Amino acid sequence: MARDLGITPAAIGIVVTLTQIGLAFGLMLIVPLGDLWDRRKLIVGQIALSAVALVVVGTAPNAVVLFGGMALVGLLAVVIQVIVAFAATLAAPAERGQTIGTIQSGVVSGILLARFASGTLADLGGWRMVYLISAALMLVMAALLARALPRHAPQPLAGSSYTKLLRSTAALFAEEPVLRERAVFALLAFASFSAFWSSIVLPLAAPPLSLSHTT
């Protein structure tokens, strides 16, 4: 990717940074929409738009388009959190924990398998193939979920506005010490994970190891 678009090795790390910034904005601005809009439509729409963003990345002619596309990919990736919230509302109270755990297990398994699959695709057809095939799979997923998710979803919160929801999120963070504690733990875990795996790619790909994307 860096060589293809003329990005220096020192600057290519901004791809990960922009994706994470987009993810943070998505968590703050998009996930609360699930309490106002039909979550089924929101989920399908996000996945379809994610496919568009992935095509933008996969066909990016220069670094500017690439960076913008990656920010959009991160912004729309919060569809996972919307799905978790939707599943929680559909499940019976006694089964809610098991339902969320099942979905989260699938997410983690998908992340691990995606690392191997994307590396294999990159070795076979280059980095662009990874994003273009991902876009195609996202469209398939959007079609499947459009058919599978309930059409009569629970009604959004009555009397709420988008501004009130954003304020309530900030209020919860200020009032709930357990939430702040867990948020800090998640921040540190995510930061350490990203810092390690993002930076280790360059030395592993360089001599004497010269590992491929798959390995």
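The values are calculated or read from the model by the stated rules, or taken from the named source; none is laboratory data. These numbers were taken from a predicted model, which means no experiment stands behind them. Using ideal geometry, Cβ is built from the backbone for each residue, glycine included, and neighbour counts are taken over all protein chains shown. Areas reflect the complete protein model, heavy atoms only, side chains present, ligands, DNA and RNA absent. Shrake-Rupley method; radii C 1.70, N 1.55, O 1.52, S 1.80 Å.
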Where residues in the stretch 156-201 are assigned to a helix (DSSP H, G or I) and of a type in the set (S, T, N, Q), which of them is surrounded by the fewest Cβ atoms within 10 Å (Cβ to Cβ)? Thr163
So which of Gln46, Gln20 is of a type outside the set (D, E, K, R) and modelled with pLDDT under 95? Gln20
When (1) open to solvent by 50 Å² or more (accessible area, probe 1.4 Å); (2) within 23 Å of Tyr131 (Cβ to Cβ); (3) part of a helix (DSSP H, G or I) are applied to Gly106, the one that fails is (1)
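Are any of the residues in the stretch 202-214 touching a helix residue (DSSP H, G or I) at 6+ places or on another chain (Cβ under 9 Å), within 30 Å of Gly119 (Cβ to Cβ) and either open to solvent by 80 Å² or more (accessible area, probe 1.4 Å) or modelled with pLDDT of 85 or more (or both)?
First, the residues of the stretch 202-214 that are touching a helix residue (DSSP H, G or I) at 6+ places or on another chain (Cβ under 9 Å): 209-214.
Cutting the leftovers down to within 30 Å of Gly119 (Cβ to Cβ) gives us 209-214.
Subsequent filtering for residues that are either open to solvent by 80 Å² or more (accessible area, probe 1.4 Å) or modelled with pLDDT of 85 or more (or both) retains 209, 213.
Within the stretch 202-214 (the criterion being touching a helix residue (DSSP H, G or I) at 6+ places or on another chain (Cβ under 9 Å), within 30 Å of Gly119 (Cβ to Cβ) and either open to solvent by 80 Å² or more (accessible area, probe 1.4 Å) or modelled with pLDDT of 85 or more (or both)), the answer is yes, since at least one residue qualifies.
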When the stretch 176-215 is examined, which residues are found to be of a type in the set (Ser, Thr, Tyr) and over 22 Å from Ala122 (Cβ atoms)? Ser192
Among the candidates Leu188, Leu144, Leu137, which residue alone is farther than 26 Å from Leu49 by Cβ, among the aliphatic types (A, V, I, L, M) and without any contact (Cβ under 8 Å) to a residue 24 or more places away in the chain? Leu188
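In the set Val52, Val64, Val15, Val56, which member is surrounded by fewer than 19 Cβ atoms within 10 Å (Cβ to Cβ), assigned to a helix (DSSP H, G or I) and at pLDDT below 95? First the steps, then the outcome.
Numbers: Val52 fails: at pLDDT below 95; Val15 fails: surrounded by fewer than 19 Cβ atoms within 10 Å (Cβ to Cβ); Val56 fails: at pLDDT below 95.
Sole residue among the options that is surrounded by fewer than 19 Cβ atoms within 10 Å (Cβ to Cβ), assigned to a helix (DSSP H, G or I) and at pLDDT below 95: Val64.
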Considering only residues that are part of a helix (DSSP H, G or I) and surrounded by fewer than 19 Cβ atoms within 10 Å (Cβ to Cβ), which ones fall in the stretch 33-47? Leu33, Asp35, Arg40, Lys41, Gly45
